[in-house]
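Asks: Before I ask anything, let me first share the structure, which is written out below as structure tokens.
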Amino acid sequence: MSNRRTGLILDFGGVLTTPLLPAVLAFEQREGLPQGACLTALYKDDEGVRITSDLERGTVTQTEWNEFAGKMLGVPADNLMGRIFGDLRPEPLMINAAAAARRAGIKVGILSNSVGLAPWDLYDGYELERLYDVVVISEQHLLRKPDPELFDITLKLMDLPAEECVFVDDTEAYVQAAEQLGLAGVHNQDPQQTVATLSELLGVDLTAS
């Protein structure tokens, strides 16, 4: 039964924040780069994919990533990650929904692939440790989504079985990985629709203030 689910696990970037792609496109425009330059250099190039995965696992520092990505893009490396995602803002619909879930007695956790924590901290100002029951940042465990072990670590910290949890991510492949482990998955593409779906899955009106 949907109303027996007692755990909610949320991705961070693109779920509790505004979408990533518009921020990246705005960065490209500011830097005079062609549209899609970041995607091509960092997510379609084999070496770019490798170093970004290593960053998420914590085996490469954000500074090292900045240097690599700066050379790939032909832009200064200084605080490059912070510049790329400088337009990200909190997503109030999802943040308020998470708070409503906690008020209803649902455990709420964060499971996020890291982009490094210094010199720029993606999570700064969001008070994750205070507002959520469990916070799992990939680099702190030397793993990254969609590694099943990282989901297992999160579930253990939540002290809940997979079948009692819902997982939300803006990356469909990570949602599918969670579903394979027994979690209910929600692919976040529109916060309003996501909140409506979660309200149904959890049996709680998450739009209530």
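The values are calculated or read from the model by the stated rules, or taken from the named source; none is laboratory data. Because the structure is predicted, anything quoted here is derived from the model rather than measured. Using ideal geometry, Cβ is built from the backbone for each residue, glycine included, and neighbour counts are taken over all protein chains shown. Side chains are part of the model used for accessible areas, which takes the heavy atoms of the whole protein and leaves out ligands, DNA and RNA. Shrake-Rupley method; radii C 1.70, N 1.55, O 1.52, S 1.80 Å.
Rundown of residues vs (1) out of contact with any helix residue (DSSP H, G or I) (no Cβ under 7 Å at 6 or more places or on another chain); (2) farther than 15 Å from Lys107 by Cβ, yes/no style:
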site	(1), (2)
Val136	no, no
Pro146	no, yes
Asp152	yes, yes
Glu163	yes, no
Val166	no, no
Tyr174	yes, yes
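Asks: Another question, then. Residue check: is Ser112 surrounded by 19 or more Cβ atoms within 10 Å (Cβ to Cβ), among the hydroxyl-bearing types (Ser, Thr, Tyr) and closer than 30 Å to Val195 by Cα? Spell out how you get there, then give the answer.
Replies: On the way: surrounded by 19 or more Cβ atoms within 10 Å (Cβ to Cβ): yes; among the hydroxyl-bearing types (Ser, Thr, Tyr): yes; closer than 30 Å to Val195 by Cα: yes.
So Ser112 passes the test.
Asks: Return the total of residues in the stretch 22-54 being surrounded by fewer than 16 Cβ atoms within 10 Å (Cβ to Cβ) and in contact with a helix residue (DSSP H, G or I) (Cβ under 9 Å, 6 or more places away or on another chain).
Replies: Taking the stretch 22-54 first, the residues surrounded by fewer than 16 Cβ atoms within 10 Å (Cβ to Cβ) are 22, 26, 29-30, 32, 34-36, 39-40, 43-47, 49-50, 53.
Narrowing the set further to residues that are in contact with a helix residue (DSSP H, G or I) (Cβ under 9 Å, 6 or more places away or on another chain) leaves 30, 34-36, 39-40, 43, 45, 47, 49.
Summing the residues that are surrounded by fewer than 16 Cβ atoms within 10 Å (Cβ to Cβ) and in contact with a helix residue (DSSP H, G or I) (Cβ under 9 Å, 6 or more places away or on another chain) in the stretch 22-54 gives 10.
Asks: Being surrounded by fewer than 20 Cβ atoms within 10 Å (Cβ to Cβ), in contact (Cβ under 8 Å) with a residue 12 or more places away in the chain, among the small types (Gly, Ala, Ser) and not in a loop (DSSP other than H, G, I, E, B) is the requirement here; does Ala178 meet it? I'd like the intermediate steps shown before the answer.
Replies: Values: surrounded by fewer than 20 Cβ atoms within 10 Å (Cβ to Cβ): no; in contact (Cβ under 8 Å) with a residue 12 or more places away in the chain: yes; among the small types (Gly, Ala, Ser): yes; not in a loop (DSSP other than H, G, I, E, B): yes.
No; evaluated as a whole, the condition is false for this residue.
Asks: May I pose another question? Out of (1) outside any loop (DSSP other than H, G, I, E, B); (2) open to solvent by less than 50 Å² (accessible area, probe 1.4 Å), the odd one out for Tyr123 is which?
Replies: (1)
Asks: Restricting the first residue to the stretch 186-209 and requiring it to be at positive phi, which pairs with a second residue that is surrounded by 14 or more Cβ atoms within 10 Å (Cβ to Cβ) and modelled with pLDDT under 95 meet a Cβ separation below 8 Å and a spacing of at least six or different chains?
Replies: Filtered contacts from the stretch 186-209: Gly203/Arg5.
Asks: So, in the stretch 187-209, how many residues would count as being buried (at least 22 other Cβ atoms within 10 Å of the Cβ) and closer than 13 Å to Gly7 by Cα?
Replies: The total comes to 2.
Asks: Within the stretch 126-139, count every residue that is touching a strand residue (DSSP E or B) at 6+ places or on another chain (Cβ under 6 Å) and open to solvent by less than 40 Å² (accessible area, probe 1.4 Å).
Replies: Count: 6.
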